[in-house]
Amino acid sequence: MRKVYVAGNWKMNLIDEIQPLKEFSKDIKNDIEVIVFPPFTHLQKYGEILKGSKVKVGAQNVFYEEKGAYTGEISYRFLQEFGCEYVILGHSERRNIFRESDELVSLKIKKILSSSIKPILCVGEREEERSLNKQKFVVENQLKISLGGIENNFKNIIIAYEPVWAIGTGKNASPYDAQEMHSFIREQLSSLFGKKISYDISILYGGSVNEENVKDLFREDDVDGVLVGGASLKCDKFIKIVEIVDKSLI
């Protein structure tokens with residue numbers, strides 16, 4: 001059975017209080033992996049606060065070299081020192097604002113798979129690409145280039161489908177739209193790694209996820225988790241999302 005994830009990407013924000021989430025996590029009944037992704041500067045702080053709880057800490061990005069003259073970049077070795085177990089790669093904001101290419105994402109994926117950290121690879125189309133019915137073409141290319149040439153540690157790969165037009169906009173892909181793209185992604189993973197491996201890879205949905213829509217998303221066969229943005233910045237809202245997911249698995 002595929003692992004279920006509820007991940008909160010804080011982006012360039014902080015939240016005032018994390019203790020309620022830590023306490024609530026004791027009551028989670030099912031095998032759910034809850035992860036928060038603070039900015040680099042606060043990884044150590046939140047790692048220490050959440051140590052020993054069911055809530056894991058991850059990073060929002062990483063570089064593909066271990067050390068060297070790369071001003072402003074972060075090595076996976078630094079992340080390991082802070083106890084990070086996950087890292088987000090290829091997020092649409094990294095692609096669109098900082099012009100990260102699929103080729104660059106591929107280098108990061110390969111490097112991180114040589115470590116103990118699990119990558120969450122983000123893929124997804126922009127609004128103009130969907131309006132031209134190119135969403136599958138875009139996502140297929142992102143997957144093939146970003147994951148091309150990987151020869152091991154398939155089990156550590158996690159995919160997050162994030163329709164760019166739904167991130168921070170209040171818009172949300174319908175559960176049907178999400179399932180259609182998640183199913184397509186699994187087909188592409190099957191062509192890359194084989195049916196057995198593709199079946200075992202968790203695919204998360206990210207795009208204005210909140211406590212109102214998360215239950216319907218989890219009714220879909222290929223939605224294995226959510227990557228939450230704005231709603232993860234309010235501890236009570238994030239707890240509610242985790243609670244809904246936990247109850248939906250009973």
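The values are calculated or read from the model by the stated rules, or taken from the named source; none is laboratory data. The structure displayed is predicted, hence computed values, not measured ones. Cβ placement follows ideal geometry from the backbone for every residue including glycine, while neighbour counts extend to all protein chains displayed.
Of note:
- Tally of residues being farther than 10 Å from GLY8 by Cβ and out of contact with any Lys or Arg (no Cβ under 8 Å at 6 or more places or on another chain) across the range 203-224: 14
- In the range 225-250, the residue that is modelled with the lowest pLDDT out of those that are among the β-branched types (Val, Ile, Thr) and over 15 Å from ILE35 (Cβ atoms) is ILE250.
- Exactly one residue out of VAL57, VAL62 is outside any loop (DSSP other than H, G, I, E, B) and touching a helix residue (DSSP H, G or I) at 6+ places or on another chain (Cβ under 7 Å): that is VAL57.
- Any chance ASP216 is over 17 Å from ASN172 (Cβ atoms) and part of a helix (DSSP H, G or I): no
- Inspection of the range 179-193 identifies no residue that is modelled with pLDDT under 95 and of a type in the set (D, E, K, R).
- Per-region count, the range 28-62, residues surrounded by fewer than 19 Cβ atoms within 10 Å (Cβ to Cβ) and under 23 Å from SER106 (Cα atoms): 2
- Residue that is nearest to ILE32 (Cα to Cα), among those in the range 194-215 that are among the small types (Gly, Ala, Ser) and surrounded by 16 or more Cβ atoms within 10 Å (Cβ to Cβ): SER202
- Count - residues of the range 108-167 that are in contact with a strand residue (DSSP E or B) (Cβ under 6 Å, 6 or more places away or on another chain) and among the basic types (Lys, Arg): 2
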